[in-house]
Structure formats: C-alpha cells, structure tokens
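Report on one structure; see the data block that follows.
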Amino acid sequence: MSEKRRTSRGSSSRSDRVPSASVRLTARDVAASLGVSISTVSRAFTENAVISEETRRMVLEEASRMGYTPDVLARSMITRRTRIAGIAVADITNPFYPEVLARLTRRLHEAGMQSMVFFADPGRNVDDAIPTLLQYKPDVALILAATLSSETTAACKRAGTPVLLFNRNVQDAQVESVTCDNLDAGRMVAEVLLGAGHRRLAFIQGLSDTSTNRDRLEGFQQGARAAGAAEPTVEAAGGFTYEGGYAALKRLMDGLNPPDAVFCANDIVALGALDAARRELGLQVPQDLSVIGFDDISMAAWPSYDLTTVRQPVNAMIQLTVEKIQALLSKDDQVPEQVFLPGRLIRRSSARLEER
C-alpha cells in the first residue's frame with residue numbers, strides 16, 4: 001500500500017481513519033478497514049444476497065462512516081444488469097402524467113430499480129431521446145405518453161433493451177404495452193349519454209395520431225352507431241390542452257347543430273370546455289350541455305369543476321408494468337403482449353346521466 005493511501009486512511013484505529021476528499025474509495029478500502037473480503041462488502045450492498053444481518057450492518061455502517069458508495073455502473077459490467085428503468089416521456093404538462101410518473105418511479109424503487117427520465121417534445125415521438133437513453137444501458141425502456149417509431153424500436157432491440165409502452169399501444173408492434181381500454185371506455189361513454197336522452201354528441205380530440213385519442217374516438221363512434229344514433233361531431237383541440245378545449249367548445253356551439261353532450265379526449269381539454277361553456281357562452285351545465293373527460297386527474301374533483309370523467313386504473317396499470325418488467329428481465333424469449341385494463345366512469349355534476 002502506498003504512503004499516500006496510508007495517510008488518507010490513517011494508521012491508528014478504524015474510528016480515526018478519515019478518507020481524503022481527493023481519493024475515490026472502493027470496496028477494497030472498506031474490506032481492508034474491516035478485515036473482511038471484498039465479496040463480503042459486495043454482498044452487503046446486494047439485495048437478497050446471502051450474508052448475516054450483523055455483518056451487513058457492520059459493513060454498511062463502516063461504508064457510511066468512510067463515505068463509500070458502490071459503483072453501480074461498474075457492477076453492471078459484471079452482472080450485466082444496471083437496475084435502471086429508462087423512462088421516455090412527452091406531454092409532461094398534462095397533470096395526469098406527473099401524477100403517474102411519481103407513482104411509477106416510487107413503485108419501481110420498491111422493486112429494486114432506479115429511474116432515469118428523458119423528455120421529448122409534447123405530441124412528438126421519442127426517437128430523438130432514445131439514443132441518449134440507450135447510452136446508460138437501462139434494463140428496460142419505458143415509453144410514457146409518447147409514440148415510438150418502428151426504427152427506434154428495432155434500435156432498442158439491437159441494443160438488448162426491451163421496450164414497454166405505458167398508456168400507449170402500437171398496432172402490430174412487437175413490444176409490450178399496458179394501457180387503459182380506451183376503445184371500450186369510449187363505447188361506454190356513448191351508451192351512457194345516449195341512454196340519458198342526449199342526441200347530439202360531439203368529441204373534442206387532442207392529437208389525432210395518438211393511440212389514446214384514436215381509440216377513445218373510435219369507441220365513442222362505435223357506441224353511437226350501435227345505438228342507431230347520429231355520428232358524433234368531431235372537433236380538434238390541436239393538442240391535449242386547456243386552451244384547445246376552450247376554443248374547440250366555442251366552435252362547436254357556434255355551429256349549425258350544436259351538441260347537447262361533449263366527450264373530451266382528456267380532462268384538461270374537458271376543463272377548458274367547461275370554462276368556455278359557463279363563463280363565455282353562458283350555458284348551464286349539465287342542463288344545456290353535458291361534459292365528460294378522461295383520466296380523473298386531481299383537478300377533476302375540484303368543486304369548481306366537479307367533472308364527470310373516466311378514471312384510468314393507474315395503480316393496476318403500474319403494478320402490471322412492474323410485473324412485466326420483472327418478467328422481461330428473467331426470460332430471454334417472451335411473446336410481446338398488449339394488455340388493456342377497463343376504465344371506470346366517475347359520475348359528477350358536469351354531465352346529465354339520468355334520462356329525463
């Protein structure tokens with residue numbers, strides 16, 4: 001051992017050894033300080049490793065005193081696992097996704113994984129963010145609130161990084177996905193509105209090329225056709241935004257056949273539509289117009305909105321996502337599966353759902 005190392009660690013009792021800020025400590029230093037093997041130190045930092053609790057506690061206390069933390073990336077070169085979930089997300093301005101992201105990252109941490117979040121422009125695919133994500137060798141790439149091209153999916157596969165879509169699905173794509181059953185939810189909303197006597201339905205869409213928007217609209221249209229009702233009017237909000245919903249509702253009500261019920265692509269769009277109806281157009285909600293959203297964000301339950309909406313089964317979606325990640329990491333060959341979980345209609349005062 002060099003003189004410099006002896007000086008940095010001291011030469012008397014263990015309690016007197018203070019690491020130098022200029023020296024990067026290693027597991028070897030902790031092992032030498034305790035008189036144990038390097039593998040013992042490694043096991044102390046490894047979940048479920050075979051080691052006595054007394055030895056683990058001794059190692060962790062000494063490591064903390066010395067200021068040592070394990071090098072996760074170096075360990076990953078040996079284990080070939082980083083325990084990192086790379087999350088690519090867009091549309092973070094939608095309150096639904098920060099809520100989901102907080103729950104998802106917490107659940108991943110409980111499962112022994114760390115999260116790295118990469119942001120893409122709202123409404124765009126995440127292709128530009130994926131090369132940077134792959135540099136960190138994540139065990140899995142989670143795509144949240146964004147779309148992924150087939151070329152980028154192939155790049156992830158070549159890198160050995162499995163892909164899982166959360167709240168998105170890609171038709172015919174060979175990737176895992178977990179999402180709310182948006183198609184069935186759209187049908188349910190149409191059936192409930194028509195059953196309550198509404199006859200002039202409209203849908204305010206966010207971004208037409210997203211799977212969530214597409215499936216909610218298609219289900220809504222299917223529900224209307226099945227009941228023999230007129231085809232719902234479709235109005236574009238230009239994005240999943242409050243401002244877009246506000247402007248779209250004004251255009252709908254200025255048309256030749258204004259609706260008596262509006263289903264919105266998400267809650268933020270619906271909140272904009274509600275404010276336009278009440279504050280600018282002077283409509284009584286739900287007497288003159290029923291408004292239904294999708295997601296059930298926290299704001300939807302505020303008394304000033306009291307929005308009827310479709311609640312996504314977020315906790316169940318997150319739990320299934322974590323289980324799928326664990327399955328992906330434990331199996332070499334697995335047939336990709338797209339799972340759709342049912343949404344639930346939350347009845348509040350913004351929609352008339354009883355036939356009059």
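Laboratory data are not the source of any read-out in this text; all were calculated from the coordinates shown. Fair warning: this is a prediction, and the values are worked out from it, not measured in the lab. So basically every Cβ, Gly included, is an ideal-geometry build from the backbone, and we count neighbours across all protein chains shown.
Given labels modelled 7 Å from the Cα in the Cβ direction, how far is it in nm from Asp128 to Glu231?
3.6 nm
First measure r as the distance between the Cβ atoms of Gln222 and Ile92, then evaluate 1/(1 + (r/R0)^6) with R0 = 45 Å and state the FRET efficiency to the nearest 0.05. Before the final figure, lay out the partial values.
Numbers: r = 31 Å, r/R0 = 0.69.
For Gln222 and Ile92, the calculated efficiency is 0.90.
Give me Rg over Rh for the stretch 311-350, both radii from the alpha carbons and Rh done the Kirkwood way, two decimal places.
Values: Rg = 14.6 Å, Rh = 12.3 Å.
Result: Rg/Rh = 1.19.
Mean Kyte-Doolittle of at least -0.5 plus a Cα span of 15 Å or more along the axis: flag which DSSP H helices in the chain meet both, please. Write down the numbers at each step before the final one.
Working: long enough: 53-66 (20 Å, -1.10); 96-110 (22 Å, -0.47); 182-195 (19 Å, 0.68); 211-226 (22 Å, -1.44); 242-254 (18 Å, -0.44); 314-330 (24 Å, 0.88).
TM-like helix candidates: 96-110, 182-195, 242-254, 314-330.
Taking amide H positions as placed 1.01 Å from N in the peptide plane, with prolines and chain starts having none, which residues 5 or more places from Phe118, or on another chain, fall under 5 Å of its amide H?
Amide H neighbours of Phe118, under 5 Å, 5+ apart: Ile87, Ala88, Val89.
Per 20 Å bin, what is the whole-percent P(r) computed from every C-alpha pair distance within the chain?
Final binned percentages: 27, 41, 22, 9, 1.
Let me know the shape class of the stretch 182-311, please: from the alpha-carbon gyration tensor, a ≥ b ≥ c as square roots of the eigenvalues, rounded when a/c is under 1.5, otherwise prolate if a/b is greater than b/c, or oblate.
Working: a/c = 1.34, a/b = 1.16, b/c = 1.16.
The shape class here is rounded.
Mind putting a number on the dipole of the chain about its Cα centre? Charges go on the C-beta only, +1 for Lys and Arg and -1 for Asp and Glu, and I need it in Debye to the nearest 20.
Working: 42 positive and 43 negative charges, 312 e Å.
The dipole magnitude comes to about 1500 debye.
Using a 7 Å offset from the Cα along the Cα-to-Cβ direction at both Val50 and His109, what is the distance between the two label points in nm, to one decimal?
Reported label-point gap for Val50 and His109 is 3.2 nm.
Please work out how much length the chain gains when fully extended from Val335 to Arg24, using 0.36 nm per residue of separation minus the C-alpha to C-alpha distance, in nm with one decimal. Show your work: numbers first, answer last.
Values: separation 311, 0.36 × 311 = 111.96 nm, distance 4.41 nm.
Extra length from Val335 to Arg24 when fully extended: 107.5 nm.
Using θ = phi - 60° and the Karplus curve 6.51 cos²θ - 1.76 cosθ + 1.60, what whole-Hz ³J(HN,Hα) does each residue of the stretch 294-304 get, with Gly and Pro shown as x?
8, 2, 6, 6, 4, 5, 4, 8, 4, x, 5
Can you tell me how much longer the chain between Ala102 and Arg251 gets when fully stretched, taken as 0.36 nm per residue apart minus their C-alpha distance, in nm with one decimal? Mind dumping the intermediate values first?
On the way: separation 149, 0.36 × 149 = 53.64 nm, distance 3.59 nm.
Going from the current span to full extension adds 50.0 nm.
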